[in-house]
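Worksheet: the structure to be examined is printed underneath.
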Amino acid sequence: MVDLKQNLMNVIKQALNETFGLIVADEMIAIETPKDKEHGDYASTIALRLSKQLKSNPRDIAIKLKEKLEKEECIEKVEIAGPGFINFFMKKDSLTKIIKTIIELGDDYGRNLSGNHEKVMVEYVSANPTGDLHLGHARGAAYGDSLTRVLSFCGYDVLREYYVNDAGHQIDVLAKSLFLRYKQAFNLEVNLDEIGYQGKDVIKLANDIAANEGDKYLKVSEIEAIEYFKNIGIDLELDKIKRDLDLFRVHFDNYTSERSLYKSNKVKSTLEKLENSGYTFKNENALWLKTTDFNDDKDRVLVKSDGSYTYLLPDIAYHADKFDRGYNKLINLFGADHHGYIARLKGGLKILGYNPDNLEILIIQMVRLMENGQELKMSKRTGNAITIRELCEDVGVDVARFFFLSKTLDSHFDFDLDVARKSSSENPVYYIQYAYARMCSVLKKNSSFALKDVYKLLIEEKEISLIKSLSEFKDLVIDIARTKEIHRLTSYAYKVSNLFHSLYNEIKFIDEDNQEVTAERLALVKATSIVLKNCLNLLGVEVKESM
RNA sequence: GGCCUUGUAGCUCAGUUGGAUAGAGCAACAGCCUUCUAAGCUGUGGGUCAGGCGUUCGAGUCGCCUCAAGGUCACCA
């Protein structure tokens, strides 16, 4: 079926064509849902927008259109208001058509093909395997995961990618730290200043290794030992990260390691291509890339004077490789502390002949954990930065995910632990899950809902509001895939829950004396539960049938 | 100083490609359970949308300036 909004759009287009001989795009017509119900079920500002082009008063334009628009079957009446708004009042039963659609589609309601099977690679988290995931990673993990769910729901062919920085200096620091802690496990004296990673997690890993492997790495050469600790360190840290991500319900399709880019010669061949481009130059024995030609504020070093590579070079190689793997649409989530990196990365890609506009970089602003109105910087238990695992154990996965997703990426995020810990109305997650549980409870009591094209008995104002909200879900999802504004899903889930709770308190769904009304109302409950579940599923928040 | 982000009710935040009288939650106050889960509902009060100028039929939304907060400016990753 064609949805109501699209149908209205078509009707307006036809009226414009017949009246003024104009052909306009959908975006121009801009069907809105007015906040005030006095302004109808839907409204269009098309008359205002065309005023200049038609050199005519917008009210006059609207009046000319009105007559044709009113002939449309699903429209009850059309009103011209204010400077030239066209307000549509729909026939009640045409609004209720969506209920059958929702129930029939079930889990697939809202699913669409706006992505047109386009291949898109989304890279997020990508934390170095040198320690635990902290709250900044958690925001990125929740966001990236939800975004990929939305994109996939909208018919994009999505790859979830994690980049493992396992070749740089920080891995050497990890290996050395592990080695020294390993020595300590055998009561050998070490210079504590040489331990780059002082955290207790490293001590634990070293002790585990000592317990499993014994003292055999005290007997080999230091080079051999460090090589071992490098490999085992990466493996163990990455395992830990994967376990924490699993707890957080975040799963990747692919892990690409930096070392693999070296092994496959991607880094070297990228360097050669850059050198051949004419955009490199030598200065004080280092090789520089002239990124200032591409909006960067200074040129960047590719190869240091000691012959080793900077992080930039393998990263350019990595992103070139992403394009080479057949993805023309790349999305990266970067922490706000990396924003300065964008220009040089895109510059490098441009030099290599890729279109940097196909790489969309979303910046995640910082997260602060708040308790009793004060920033909580360190875990009281471990003394380190607070990890995803600790947060999940404290407030639960659902709450953590929902909170992270409830604000725009652009906002600096204060995560309020006090609210997150409450299992009450102050906490929106419980409010929403409770709404869902109530729906299930009603349907458990009586599941004989009616499945019909129109529901003529759903005439309460609150019933109509709820139905209209349910019909917005698909457009919302499509819009979010475009704008990446995931937080709008949390607002939507709240709004639907709110409308339902309100309705629940106003009417009885089950009326033993009126089977007909009961059957129609139960259909609305069923449809609402489907939409809410689909919405929460995109957020990665679980529904509960009872609470 | 350059660049990125933010500034909306006492607090935390929404605000649909610029639209009609700026909205929620919390906090405050007053009500609602013999009834499908009160983890809920209903009502009241609360605003110089940081400030200024501009763009236009119309600006919280777009542009410029000022102020304030966070981030960032390595041959680190």
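The values are calculated or read from the model by the stated rules, or taken from the named source; none is laboratory data. Being a predicted model, the structure only gives us computed values, none of them experimental. Cβ: placed from backbone, ideal geometry, glycine included. Neighbour counts: every protein chain shown. Please note that ligands, DNA and RNA were not included when accessible areas were found on the heavy atoms of the full protein model with its side chains. Shrake-Rupley method; radii C 1.70, N 1.55, O 1.52, S 1.80 Å.
Quick notes on this structure:
- Rg(Cα) / (2.2 N^0.38 Å) computed for chain A, rounded to two decimals: 1.20
- Hull-based mean projected area of segment A:190-311, where the convex hull spans the alpha carbons, in square nanometres: 12.2
- Interchain or long-range residues, amide H under 5 Å from A:Ser257's placed H: A:Val164
- Note on A:Arg381/A:Glu224: beta-carbon distance plugged into 1/(1 + (r/R0)^6) with R0 of 41 Å gives a FRET efficiency of 0.70.
- From helices alone, chain A scores -16000 deg cm²/dmol at 222 nm; the rule is -39500 (n - 2.57) for each run of n ≥ 4 DSSP H residues, then divide by the residue total.
- Sum of side-chain charges, A:Tyr504 neighbourhood, beta-carbon under 10 Å (Lys, Arg +1; Asp, Glu -1): +2
- Annotation: per residue accessible area for segment A:474-513 equals 49 Å², rounded to a whole number [probe 1.4 Å, protein chains only].
- Averaged over its residues, segment A:34-94 has an accessible area of 57 Å² per residue, based on protein heavy atoms and a 1.4 Å probe.
- Tilt relative to chain A, helix A:428-445 - C-alpha long axis, 0 to 90 degrees, to 10: 50
- Tilt relative to chain A, helix A:473-483 - C-alpha long axis, 0 to 90 degrees, to 10: 40
- Kirkwood Rh (inverse of mean 1/r, distinct Cα pairs), segment A:435-527, angstrom: 14.2
- Separation between Cα centres of segment A:482-528 and segment A:104-120, rounded to whole Å: 23
- In a reduced charge model with +1 at each Lys and Arg Cβ and -1 at each Asp and Glu Cβ, chain A shows a dipole moment near 680 debye about its Cα centre.
- Pairs with C-alpha atoms separated by more than 28 Å, drawn from the list A:Lys462/A:Lys533; A:Lys230/A:Lys346; A:Lys380/A:Lys544; A:Lys240/A:Lys268; A:Lys5/A:Lys35, are A:Lys230/A:Lys346; A:Lys380/A:Lys544; A:Lys240/A:Lys268.
- Note on segment A:227-334: with neighbouring protein chains present and a 1.4 Å probe, carbon and sulfur make up 44 percent of its accessible heavy-atom surface.
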